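The values are calculated or read from the model by the stated rules, or taken from the named source; none is laboratory data. Just so you know, these numbers come straight off a predicted model, no measurement behind them. Positions of Cβ are generated from backbone atoms using ideal geometry, with glycine treated the same way; all protein chains shown enter the neighbour counts.
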Amino acid sequence: MKTVFFNTAFVVLLSTCSVVQSMGQTKVIAHRGAWKNSGAPQNSIASLQQAIKLGCYGSEFDVHMTADSSLVVNHDHDLQGVHLETAPAADIKALKLANGESLPTLESYLKEGLKQKKTRLILEIKASKVSKEHSLALATKCVQTVKAMKGRKLVDYISFDYDVCKKVKELDPSANVAYLMGDKAPELLAADGLYGLDYNQAIMKKNENWIQEAHQKKLTVNVWTVNDPEMMNWLLERKADFITTDEPEKLLEKVK
């Protein structure tokens with residue numbers, strides 16, 4: 001009986017250790033989807049599908065709001081000569097990506113992403129070039145759309161605009177929200193209830209102590225956009241929680 005008990009306890013201990021180790025492993029986020037090695041356009045449905053196929057922890061994408069409050073997915077504020085924030089949705093609807101896809105709306109992007117439950121959708125709320133009010137309205141519309149599509153459990157938010165980050169937390173206190181700019185220490189982010197910091201690799205190299213400080217404050221650490229294998233190794237050694245990369249295939253090989 002004692003032998004059975006100890007054997008069982010040993011198995012439970014091993015399982016617990018395995019879970020802890022798994023939780024602590026650095027996770028891979030595909031920057032604008034997995035596009036670089038697949039040929040899919042950045043921020044396209046095809047690049048999202050490829051990130052999911054690879055088994056990435058997350059796929060990052062960027063959202064803008066049009067002049068008539070429609071939400072579209074694209075990195076730059078302009079596409080094919082059309083300024084996304086000042087044009088109506090009808091003008092943008094005609095735009096095609098290199099693979100023939102229409103420019104995704106937030107709804108179409110979420111609809112595709114929510115077909116599965118493993119790859120998180122990392123939604124960047126783009127800081128507006130029009131006004132602060134436009135940025136905050138975009139944040140509100142994004143949160144409303146995610147809630148309406150029942151995507152709260154799979155969507156995380158990021159932004160370069162700190163007011164936008166705080167707005168999202170106001171609208172959905174349970175949301176995971178990380179800040180991108182890199183000009184604030186972990187202590188402030190923790191005080192404002194954010195989920196984590198999501199800073200450029202050069203900033204994190206300069207402020208290496210922020211990784212440990214963030215973890216002490218129960219914040220996550222994401223670093224972008226890391227394509228260099230040596231920098232990947234540097235961050236893996238320091239136990240960054242997430243690495244955002246244009247080369248998810250390369251990084252996935254390292255974290256196996």
task = State the number of residues belonging to segment 50-69 that are of a type outside the set (Phe, Trp, Tyr), within 15 Å of the chain's Cα centre (by Cα) and under 22 Å from Thr145 (Cβ atoms).
result = 7
remark   = Of Val19, Val4, Val11, the only residue that is within 18 Å of Lys118 (Cβ to Cβ), part of a helix (DSSP H, G or I), among the hydrophobic types (A, V, I, L, M, F, W, C) and modelled with pLDDT under 95 is Val19
query = Restricting the search to segment 143-174, which residues are farther than 20 Å from Lys129 by Cβ, of a type outside the set (Val, Ile, Thr) and surrounded by 21 or more Cβ atoms within 10 Å (Cβ to Cβ)?
reply = Asp156
request  = May I ask you to verify whether Ala34 is surrounded by fewer than 24 Cβ atoms within 10 Å (Cβ to Cβ), farther than 14 Å from Glu253 by Cα and small (Gly, Ala, Ser)?
outcome  = no
task = Keeping to segment 52-66, report how many residues are out of contact with any Lys or Arg (no Cβ under 9 Å at 6 or more places or on another chain) and either of a type in the set (Phe, Trp, Tyr) or more than 15 Å from Leu106 (Cα to Cα) (or both).
result = 2
key: Residue in segment 68-90 that is in contact with a Phe, Trp or Tyr (Cβ under 6 Å, 6 or more places away or on another chain), buried (at least 18 other Cβ atoms within 10 Å of the Cβ), small (Gly, Ala, Ser) and not in a strand (DSSP E or B) present   = no
ask   = Restricting attention to segment 186-202, and to residues there that are out of contact with any strand residue (DSSP E or B) (no Cβ under 9 Å at 6 or more places or on another chain) and among the small types (Gly, Ala, Ser), which single residue is farthest from Tyr157 (Cα to Cα)?
value = Ala202
key: Hits in segment 49-81 (condition: over 23 Å from Ala240 (Cβ atoms) and hydrophobic (A, V, I, L, M, F, W, C))   = Val63, Met65, Ala67, Leu71, Val72, Val73, Leu79
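Yes or no, residue by residue, for (1) basic (Lys, Arg); (2) under 22 Å from Ile45 (Cβ atoms):
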site	(1), (2)
Leu110	no, yes
Leu114	no, yes
Leu123	no, yes
Ala127	no, no
Val130	no, no
His134	no, no
Lys141	yes, yes
Val146	no, yes
request  = Could you list, in sequence order, all residues of segment 234-254 that are crowded, with 19+ Cβ neighbours inside 10 Å and either hydrophobic (A, V, I, L, M, F, W, C) or part of a loop (DSSP other than H, G, I, E, B) (or both)?
outcome  = Leu235, Ala240, Asp241, Phe242, Ile243, Asp246, Glu247, Leu251
task = Just give me the residues in segment 225-255 being under 20 Å from Ser47 (Cβ atoms) and out of contact with any Leu (no Cβ under 8 Å at 6 or more places or on another chain), in sequence order.
result = Thr225, Asn227, Phe242, Thr244, Asp246, Glu247, Lys250, Leu251, Glu253
request  = Please work out which residue is nearest to Lys166 (Cα to Cα), limiting yourself to segment 201-233 and to residues that are in a strand (DSSP E or B) and of a type in the set (A, V, I, L, M, F, W, C).
outcome  = Val221
remark   = When every residue in segment 37-63 that is out of contact with any Asp or Glu (no Cβ under 6 Å at 6 or more places or on another chain) and in a strand (DSSP E or B) is compared, the one nearest to Lys153 (Cα to Cα) is Gly58
